[in-house]
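Structure first, commentary second.
Just so it is clear, none of the values below were taken in a lab; they were calculated from the coordinates. Computed from a predicted structure; not experimentally measured. Counting neighbours? That spans all protein chains shown, and the Cβs are built from the backbone with ideal geometry, glycine included.
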């Protein structure tokens, strides 16, 4: 069976587990533990290893969806999961103190995925916090990574349609990038 | 000197007579469709000075745009966007940042309107502000969660995000009609998220083993029912 | 809001006490840590080591162990053993508390005895925590941020 692996990344509380639950066709395997730092991020639980979901494309093909634990202290899990993935959906909350900086940090941490495959950025809670704007995110990416155009959308991680659209945009982007990049690589 | 058009509710029965005497430009009515509006909006965006715009229609309430805030106000929802609306009048008026509001903010985000005007003007022909022999590449993606779009458009955006292509090349790579490709280019140009180049060479595309027919995108799209 | 459990001095003392006692009954114990469910280090032995990374990893292991047993529909995972040439890690939850004990024994101990020790000490930890909580109710009440 042909398999594709997509990673959901981003800081704690951005909605990764929620997003995977919205698109997965199987019951999501999650690894939630009681949150010791409720005074910092007000959620009862937090992911400590990974989330796992699937979409069965047809009988012969499957997309595996992995969600990382957002906190940096689990970066050994990031290393494990990064190796397997072809692309990633990076979620950030627009009402965080510095979501643009967080986005850039995760793009850096997952640079290989960004280089190798594709990234789509999803901005959640923009209805609560309308700034920074999408243009700000896009400008920050252009500044840090010249020449790369990364789709940035406002999303609601709970919304099935939003998350499916994001997944489709990611795959379309990965495939088109491969289409145009292959010949360049051969030419070197 | 704050000069403002009356709100739609107050002058619904009147035509252009009741508009402030300091309105600068006034276009005569033309045929159905959005071409004239598209050209006017593009010109205003080109100027980058604070402007207001009012469009009047045969069968709809007036549409107001306040370019200072990239917002518009219209009683017709974009989900019911009338592709063949008959424009009865169009006025633009310079303003300044201190002048009063044309309508209560935040209004609706202008991008949503630009997307639809861009897609629905010129019937698949090149917008007049674009030149022949140009290639295009996205500077950033439109916010697809907020714009009704097709999967063919998403496919085209993926092309435009990764290479400089002409309308014809875009159509070929994405497997769509020229007119669909051109309409999207028109819309993206109005949204000001398209880079234009006459120097960029034709992008080289890999051998056809990665064809649209076999792509994961098309299979996933079928699976997700789009 | 509760202050973080792993920074609560009463909890840290209890944890250190337990680990010291554990070391005193098992000379094969090379390393042991008590950690929160979500991977924060509470106390470790030897004390000078940096337990942060190990605590995160142990919590991931614990959660994955549970994920496997739930997937197989065989209940919660009771303990996890990782065996290697130079020793093995035994890991299990502290009953009724969001905490895990993870301990490295060298090969002088048998798996069975290591497990027995670990089990008895998580029980002691649970009892000690309950006693500590009853002496200092602020520890687990919603208003533990207030001064004692």
Original post:
Taking the mean number of other Cβ atoms within 10 Å as a proxy for protection, how do you rank A:137-145, A:172-180, B:170-178 from highest to lowest?
Top reply: A:172-180, B:170-178, A:137-145
**OP:** Would you mind checking segment C:34-68 for residues with the amide N under 13 Å from a putative spin-label position 7 Å along Cα→C-beta of residue A:39?
**Re:** none
Original post:
How would you rank A:47-55, C:60-68, highest first, on the average number of other Cβ atoms within 10 Å across their residues?
Top reply: A:47-55, C:60-68
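By the gyration tensor of its Cα atoms, with a ≥ b ≥ c the square roots of the eigenvalues, what is the shape of the protein assembly as shown: rounded for a/c under 1.5, prolate for a/b over b/c, or oblate?
Since a/c reaches 1.5 and a/b is larger than b/c, the shape of the protein assembly as shown is classed as prolate.
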Original post:
At what distance in angstrom do the alpha carbon centres of segment A:119-188 and segment B:40-76 lie from each other?
Top reply: 29
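Could you work out the relative contact order of segment A:78-188, using alpha carbon pairs under 8 angstrom and six or more residues apart, expressed as a whole percent? Present the calculation step by step, with values, prior to reporting the outcome.
Details: 129 pairs, mean separation 31.6, N = 111.
For segment A:78-188, the relative contact order is 28 percent.
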Original post:
From the square roots a ≥ b ≥ c of the eigenvalues of the alpha-carbon gyration tensor of chain A, which class results: rounded (a/c under 1.5), prolate (a/b over b/c), or oblate?
Top reply: oblate
Subject >> Separation of the residue A:108 and residue B:199 label points, Cα + 7 Å toward Cβ, nm >> reply: 3.2
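How high is the relative contact order of chain A, in percent, counting Cα pairs under 8 Å that sit 6 or more residues apart?
Numbers: 344 pairs, mean separation 43.0, N = 188.
RCO, chain A: 23 percent.
Averaged across the residues of A:41-49, what count of C-beta atoms belonging to other chains lies within 10 Å of each residue's C-beta? Can you show the working numbers first?
On the way: counts 0, 1, 0, 0, 3, 4, 3, 13, 12.
The shielding value for this peptide is 4.
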**OP:** Given the options A:171, A:123, A:26, state which has the largest fluctuation in a GNM of chain A using a 10 Å cut-off (strictly under) for Cα springs.
**Re:** A:26
**OP:** With N set to the residue count of segment B:37-167, report its C-alpha Rg divided by 2.2 N^0.38 Å to two decimal places.
**Re:** 1.13
Subject >> Selected from A:32, A:102, A:60 as most flexible by GNM, with chain A as the system and alpha-carbon contacts under 10 Å >> reply: A:60
**OP:** Would you look at the GNM of chain C, springs on alpha carbons closer than 10 Å, and say which of C:78, C:48, C:21 moves the most?
**Re:** C:48
**OP:** Output the antiparallel fraction of DSSP beta bridges having both residues in the protein assembly as shown, as a percent to the nearest 5.
**Re:** 75
Subject >> Relative contact order %, chain C, counting alpha carbon pairs below 8 Å whose residues are six or more apart >> reply: 27
**OP:** For segment B:146-226, just say rounded, prolate or oblate: build the C-alpha gyration tensor, square-root its eigenvalues into a ≥ b ≥ c, call rounded for a/c under 1.5, and beyond that prolate if a/b exceeds b/c, oblate if not.
**Re:** oblate
